[in-house]
1. Considering only residues that are part of a strand (DSSP E or B) and open to solvent by 30 Å² or more (accessible area, probe 1.4 Å), which ones fall in the range 308-320?
2. Examine the range 36-43 for a residue that is open to solvent by 30 Å² or more (accessible area, probe 1.4 Å), outside any loop (DSSP other than H, G, I, E, B), modelled with pLDDT under 80 and not hydrophobic (A, V, I, L, M, F, W, C), and state whether such a residue exists.
3. Determine whether the range 331-341 contains at least one residue that is under 23 Å from VAL245 (Cβ atoms) and surrounded by 19 or more Cβ atoms within 10 Å (Cβ to Cβ).
4. Please state which one of GLY275, GLY284 is within 25 Å of ARG341 (Cβ to Cβ), surrounded by fewer than 14 Cβ atoms within 10 Å (Cβ to Cβ), of a type in the set (Gly, Ala, Ser) and over 28 Å from the mean Cα position of the chain (by Cα).
5. Mind listing whichever residues of the range 256-270 are under 32 Å from the mean Cα position of the chain (by Cα), exposed (fewer than 15 other Cβ atoms within 10 Å of the Cβ) and of a type outside the set (D, E, K, R)?
6. Return the residues of the range 366-383 that are part of a strand (DSSP E or B) and closer than 22 Å to HIS320 by Cα; say none if nothing qualifies.
7. Within the bounds of the range 289-307, is there any residue that is open to solvent by 30 Å² or more (accessible area, probe 1.4 Å), of a type in the set (Asp, Glu) and out of contact with any helix residue (DSSP H, G or I) (no Cβ under 8 Å at 6 or more places or on another chain)?
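The values are calculated or read from the model by the stated rules, or taken from the named source; none is laboratory data. Source: prediction; values computed, not measured. In this analysis, Cβ positions are derived from the backbone assuming ideal geometry, glycine residues included, and neighbour counts consider all displayed protein chains. These accessible areas exclude ligands, DNA and RNA; they are computed on the full protein's heavy atoms, side chains included. Shrake-Rupley method; radii C 1.70, N 1.55, O 1.52, S 1.80 Å.
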Amino acid sequence: MASSMRQDETLSLSEDLTCAICCDLFREPVMLGCMHHFCRSCITTYWRDLRGPAMCPQCRKEFPKKQFHTNYLVAGLVEKVRASSSTVRGSQKQIKDDPRKEQLIAMIRKDEEQMNVLRKMGADLKERVCHDFQALHHFLQVEESAMLDQLWRDQMELEHSLERHLEALHTAIREPAQTLPELNSRPHVPGLSVDGFKSKYIAPLQYTLWRKMLNNLKPGPLPVTFDEDTAHPSLQLSRDRTQVVEAEAMLPYKPNPKRFVQCVNVLGAQGFHTGRHYWEVGVGTKPKWDIGVALETVNRKARVKLCPNNGYWTLRLRNHTEYSAGTQPWTPLRVTSRLLRIGVFVDCEERTVSFYNADDMSLLYSFSNGPKGKAFPFFSTCLSEPGQRAQPIYLLHVPSMAV
């Protein structure tokens, strides 16, 4: 590693000590008035063939006379680089004589490239994380400021009401006969009392803010519904199209080119080809299922393997506990507890599809070669085993909250 670094330093210094005319290390380096350096013979020949005033070949600055100065410091550096280059060439010859060393050097360069990529990626991710947290901090600061301002206004209004009531009481002491009938009334602020003031601000504040925050999430939870036109005839949808279950018998259906006819599949009604999207799917205790994303162009008339080459990016469950990602071949996943809710995240610009345990948001698997083109949420209930009761897949919607 140290040898490689010395070689890189030598090569870098050689570039700085290279004549721009002959593209070789300086020989008798001289310096012009513009501070650029050249070989004595190179600049002399260049000026001899030049018609017109003397000028620098690099910056084109003109000089009244063809003058230059020998730079002994640069000449000394050139000699040191020449000596070092001889050592480097000897090392390179040894490497060529030993194929294993050449292979190791290639591996070192590859690791160094990976290190540079990793550092850049880390810096980009850090910036992205900071940006997302800044957005949340800003939201909370705005909400805190607004709530404290409203609390102060409510308090002032109640205090003014109480002050007026106290003033009336003091007046009643001085003139009881005239004001006594009015003292039965309490201090009143329209829509607010002292007890109401307390209740308003000891409400479940964090939960209230969390519900408000949902409207500011980017991306926010996508309210996906099932597309009835794509559902296999053996699948039955709920009225609100948020649940799908395998029917006991095939249901009547209208022919539709969008419909899956070989496998018990169904797509979401909401498609996308840009932006970032997140939705959650409830799978309960179903023993098998497939969930993910499918291109709009997938073949719906044939039985195909669910993999990216065929336009599918999926997560699957078989035999209650066997989780895997829909790659070619399947990628088994280590899952320590049963998955009841699955989060699906698609970044169309980054072309990534990621799956999460929606209960704790732990990453299950991420595809880096996501869909290129319009895609839709994809679901397959899978055929139930004989004698086994069919269980539904349902779409989880976070109810919106008026604010």
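1. Start the filter on the range 308-320 by keeping residues that are part of a strand (DSSP E or B), which leaves 312-318.
Scanning the range 308-320 gives ARG316, ARG318.
2. The initial filter retains those residues of the range 36-43 that are open to solvent by 30 Å² or more (accessible area, probe 1.4 Å), namely 36-37, 40-41.
Adding the requirement that they be outside any loop (DSSP other than H, G, I, E, B) leaves 37, 40-41.
Still in the list and also modelled with pLDDT under 80: none.
Scanning the range 36-43 turns up no residue that is open to solvent by 30 Å² or more (accessible area, probe 1.4 Å), outside any loop (DSSP other than H, G, I, E, B), modelled with pLDDT under 80 and not hydrophobic (A, V, I, L, M, F, W, C).
3. Step one: filter the range 331-341 for residues under 23 Å from VAL245 (Cβ atoms), giving 338-341.
Subset that is surrounded by 19 or more Cβ atoms within 10 Å (Cβ to Cβ): 339.
Within the range 331-341 (the criterion being under 23 Å from VAL245 (Cβ atoms) and surrounded by 19 or more Cβ atoms within 10 Å (Cβ to Cβ)), the answer is yes, since at least one residue qualifies.
4. Numbers: GLY275 fails: over 28 Å from the mean Cα position of the chain (by Cα).
Exactly one of GLY275, GLY284 is within 25 Å of ARG341 (Cβ to Cβ), surrounded by fewer than 14 Cβ atoms within 10 Å (Cβ to Cβ), of a type in the set (Gly, Ala, Ser) and over 28 Å from the mean Cα position of the chain (by Cα), namely GLY284.
5. Step one: filter the range 256-270 for residues under 32 Å from the mean Cα position of the chain (by Cα), giving 258, 265-270.
Those still in the list that are exposed (fewer than 15 other Cβ atoms within 10 Å of the Cβ) too: 258, 270.
Result: GLN270, single match.
6. We begin by selecting, within the range 366-383, every residue part of a strand (DSSP E or B); these are 366-367, 375-380.
Those that are part of a strand (DSSP E or B) and closer than 22 Å to HIS320 by Cα: SER366, PHE378, PHE379, SER380.
7. Scanning the range 289-307, I find at least one residue that is open to solvent by 30 Å² or more (accessible area, probe 1.4 Å), of a type in the set (Asp, Glu) and out of contact with any helix residue (DSSP H, G or I) (no Cβ under 8 Å at 6 or more places or on another chain), so the answer is yes.
The rows are residues; the columns are (1) assigned to a loop (DSSP other than H, G, I, E, B); (2) of a type in the set (A, V, I, L, M, F, W, C); (3) at pLDDT below 80.
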{"site": "SER14", "(1), (2), (3)": "no, no, yes"}
{"site": "ARG27", "(1), (2), (3)": "yes, no, no"}
{"site": "PRO57", "(1), (2), (3)": "yes, no, no"}
{"site": "VAL74", "(1), (2), (3)": "no, yes, no"}
{"site": "LEU77", "(1), (2), (3)": "no, yes, no"}
